[in-house]
Each structure stands twice: as C-alpha cells, then as structure tokens.
C-alpha cells in the first residue's frame, strides 16, 4: 500500500476528520434509547468524553463539575496547579499577556519547581468534593508522582508524553519500566500517546487500562509543525483500534482506546467513535467553558517546554457553561455544544445502540463534504442579491 513520492520512496495515504463522512444505517433508533457509556477498569462512565490534562482546561473545580456530569477530567501534575499554592494568580497573568509575550511568560512561570505537597492537596480537594480524581504526569515523574497520587486517593493515573514507547532509550535519566510500574500500582494506569499499530500492541503488553491516541493534532499544539511528527486522527484511531481488537482476540483482554485531540466539533467526535475509539479526550471545546481556569485561553502541555516550546496560547473565548458544552441545550449551531447530544443523535441515525456498534459504522472518503455548507451559503447570498 502507498503511493510513490519519489524514486524508491513510498508514502502511505492517511486521513483526518475533514476527509470522511459516516453512512446512515438501515435502521434508525430513538436517540434517547442509545447508550453512549463506556467502561474503564471495570467502572462504567455515562459520558465517553474526557477533558484533557491542560492547565487552561482542568483545575480542581472543573474536575469536580465534570465528574458530576458523568465524565472524567484529567488534572496535569506537571502544571501550575502543583507549582503554585494559588494558581489563579498565575492563570490570570497568562490570560492577560500580550500575544507576543505569551509563550515566553508561560515558559518562565513553569520554571517554578513542582511541590509534592500540592499534588496530594489537589487530589484530596477533588475527592473531598466527591469528584473522580484522574491525574497526569510525564514518564520521568511517573514513579515519584504515581505513589503520591495513589496514596492521596487518586482514582486513575495517566502517563502522558508527546510520543510514548516501551523502548525508550536515555543515558541522561532513569527510564521508567512501564510494565513494572503498572504492576506496582493499585489504581488503573492509562498510557499515551501513540498513533501506530505496532507501538500500540507493545504498549498493551505493558498492561495499561487504556491507551491515548494522537500526536500533535490539537488546536493548541504545534508538534507536527515543529517536529514534523504525527498521523491524522482517522488513520491513527483506526490503526490502534485494529491493534486493540487483535490483542483482545489473542488475550481476551479488552483495552479501550481514547482518541486524544484534533476534534473541533460534535461531528468530529462522532467520527472518532466510528473509527474505533471507545472514548475521546478534548481540550479546546472545554477551554471555552465558563468553569475552565484558562479564562477563555487555551495552551498545550508542551507550550512551556524550556528548550523547544510546541504550541501557543490561543484565544478560544467563553461560549457557555460546562453543562451546555457537554450536555446542552446548545445555544450555538457550530457543533461545539451539547457534544453528548450530538453523539447520541448520530448513533440514533446510524442505528448504533452503543459505542461498540458505533465502531462498526460505514465510513466514506468525502473530502468535499466540508465545502457543501459554504456552497449553500454562497447560493443563498446570490439569491438575496448579495
């Protein structure tokens, strides 16, 4: 498979969300009668959407609010929440910085050391308010932070990096043994991020409770532009889903995959499930919530990188409450609100009673689909004499 891109060099054609559409099924179902829930480590969650571990998206209050609505929000243990006793002041500075100064300011603010006592404090704050405490750390900090998180009552621990593998090589620092770490933990561990079939299989052998799929697709991340690395999410999700299904047939262990990033609307989320996702993780959609700590701004986890910042602070605005964005009622028609309602309506029209059936939906390549609305608007303007 693949096309020639030069003498003796082939490249595989991959697809993003804008290039596909979903085909309606022969049966339709009342959207109120479909079940979009998913299961992680034996526990069922009503909402198959996670809020990304980004400082402009998740803080303690947001995590609690998301939990009460049936979803999961991931708190970044390498961010401002664990570096500052009062992260609100820092977030205020980031929100009011000039665009030209934003990245440099974010870099300087993230130089303050992480305080281990704040890791325990934030988790206990979430638990005291009856929220689901899900926290994220980079691989280098996993062993140290994982123990603190577990002892503090965290429900799930996420190890997340730009690219994760079980064969990481370094002479500068100790490399975490993922399989050994997961075995030592008494709480579920999610690993990410990957985008290929072979790496996904290797990661599954380490025993995670779920895998994150996506390298550089998010609105606030420029990894693909800076490093040239990444696979569009339709292809990445489909490939990792194939690895999940093969691993299940081989071992009878089902490891859910979570498509992380690159989804701008409810339609993109629906397409991610049709490509094989069990759940999705989004950032920019939730950064627009009134409850989001970013005050209408959003930036990636690699933005504060000291040597190679990847991503920038972007203004997403505030379009509604978390409940409106997640469950509706929608007050905008751009697909950014009532994400669960959009998913359930799509499932109903596709004849899918649950997420597993959604994964069997027919997909077509339809890159022109994006222009159809614009064409109609142009026709309307011409008809009105504009």
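Bear in mind these aren't lab numbers, they're just calculated from the coordinates by the rules spelled out. Since the structure is predicted, the reported quantities are computational estimates derived from the model, not experimental observations.
Cα centroid distance between segment 132-161 and segment 84-116, in Å? When both Cα centres are located, 22 Å separates them. Distance between the C-alpha centres of segment 3-59 and segment 326-351: 14 Å, rounded to the whole angstrom. Over segment 181-282, Cα pairs under 8 Å with separation of 6+ residues give a relative contact order of 26 percent.
When the chain is treated as a Gaussian network with alpha carbon springs shorter than 10 Å, the biggest mean-square fluctuation among 216, 328, 146 belongs to 328. For segment 42-326, relative contact order (Cα pairs under 8 Å, six or more residues apart, normalised by length) works out to 20 percent. Would you please state the base-10 log of I(q)/I(0) at q = 0.11 1/Å for the chain, with intensities from the Debye formula using one equal scatterer on every alpha carbon? Log10 I(q)/I(0), no solvent term: -0.78. A Gaussian network model of the chain, with springs between Cα atoms under 10 Å, assigns the largest mean-square fluctuation among 28, 103, 312 to 28.
Comparing 206, 241, 277 in a Gaussian network model of the chain where C-alpha atoms under 10 Å apart are linked, the largest mean-square fluctuation is found at 206. Mean residue ellipticity at 222 nm from the helices of the chain, using -39,500 (n - 2.57) per DSSP H segment of n ≥ 4 over the full residue count, to the nearest 500 deg cm²/dmol? Mean residue ellipticity at 222 nm (helix-derived): -10500 deg cm²/dmol.
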